[in-house]
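Quick notes on the structure that follows.
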Amino acid sequence: MEIFRSSARNCRNIRALAVTALLMALNFVLDRFSIQLTLELRVGVGFLTSAMIGALYGPVMAMCAGGLTDILSYLLYPRGGAYFPGFTVTAIVAGLIYGLLLYQKRLSLGRALVTRGLIDLVTNIGLNTLWLSITQGKAMMVLLPARVIKNAILWPFESLILFAVGAVVLRAAAQLPAYSQRRARMDK
């Protein structure tokens, strides 16, 4: 449970809070450029901000940021329809997964593949399909095939993007004095 304690300490760090807020703002921008394929299917790269928060600051910060980003996104950019808390739960679970699998770990292509695979399976195919079934009144089995196909096709590409962007962001973060000192303590 040290990962949660370490991540919770980041919630008191001004620099971590500022970077998280910037990444959350970037998420709003990236979501504006997502492509809505159908009512149930959307493609975008907004996941990168949640992944980077999880990689930099751990599961506690990523869960808080995910939930807050989802709520603020609804308030700032309503897409029609009422607020549904299930999607906030999905954002929180995604933050948990990103934080557990990427925080204080060396990022590799394999780790990116596993992380995106779990996100796709648990949140995109599992939880979001359930929430869409509830909100749209459609059977999950009607929604599931298109969602499975979309996520299976995007999985390797999103994993590659996560690996490439993550490598750059983590390398840049390692140049910051406070982060590199913390990283050195972790490596001991």
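Based on the mean of other beta carbon atoms within 10 Å per residue, what is the order of 156-162, 27-33, most packed first? Please list the in-between numbers first.
Working: 156-162: 18.3, 27-33: 14.7.
For the peptides 156-162, 27-33, the packing ranking is 156-162, 27-33.
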Check: For a label point 7 angstrom out from the Cα of residue 160 toward its Cβ, which stretches of segment 110-150 have the backbone nitrogen within less than 15 Å?
Finding: 110, 112-113
Next item on the list: Can you find, among 101, 125, 145, the residue farthest towards the positive end of the dipole of segment 89-171? Put +1 on the C-beta of Lys and Arg, -1 on that of Asp and Glu.
Entry: 101
Margin query: Output needed: percent of Cα pairs per 10 Å distance bin for segment 80-129, bins running from 0 to the one holding the longest distance.
Written below: 26, 46, 22, 6, 0
Notebook entry, point to check: Once the convex hull of the C-alpha atoms of the chain is built, how many Å³ does it hold per residue, rounded to a whole number?
Noted result: 114 Å³
Checklist line | Rounded tilt (10° steps) of 140-174 against the dominant C-alpha axis of the chain | finding: 20 degrees
Next item on the list: Calculate the all-directions average of the projected area of segment 14-121's alpha-carbon convex hull, and give it in nm².
Entry: 6.9 nm²
Check: In segment 10-52, which residues have a backbone nitrogen under 16 Å from the label point lying 7 Å from residue 108's Cα in the Cα-to-Cβ direction?
Finding: none
Check: For the pair residue 76 and residue 168, how long in nm is the line joining their label points, each one 7 Å along Cα→Cβ?
Finding: 2.1 nm
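At 0.692 mPa s and 37 °C, plugging the Kirkwood radius over alpha-carbon pairs of segment 1-51 into Stokes-Einstein gives what diffusion coefficient in µm²/s?
Here the translational diffusion coefficient equals 258 µm²/s.
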Notebook entry, point to check: Hey, got the Cα dimensions of segment 53-102 along the principal axes, in Å, largest first?
Noted result: 34, 17, 12
Checklist line | Distance (nanometres) between label positions extended 7 Å along Cα→Cβ at residue 9 and residue 146 | finding: 4.7 nm
Margin query: With just the Cα atoms defining each centre, how far is segment 1-77 from segment 83-158? Give it in Å.
Written below: 14 Å
Check: Convex hull volume of the Cα atoms in segment 126-172, per residue, in Å³?
Finding: 76 Å³
Next item on the list: Tally up the carbon and sulfur contribution to the accessible surface of segment 5-97 as a whole percent, 1.4 Å probe, everything protein left in place.
Entry: 72 percent
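The values are calculated or read from the model by the stated rules, or taken from the named source; none is laboratory data. In this text, all values refer to a predicted model and were calculated from it rather than measured experimentally. Reconstructed Cβ throughout: ideal geometry from the backbone, glycine too, with neighbour counts over all protein chains shown. These accessible areas exclude ligands, DNA and RNA; they are computed on the full protein's heavy atoms, side chains included. Shrake-Rupley method; radii C 1.70, N 1.55, O 1.52, S 1.80 Å.
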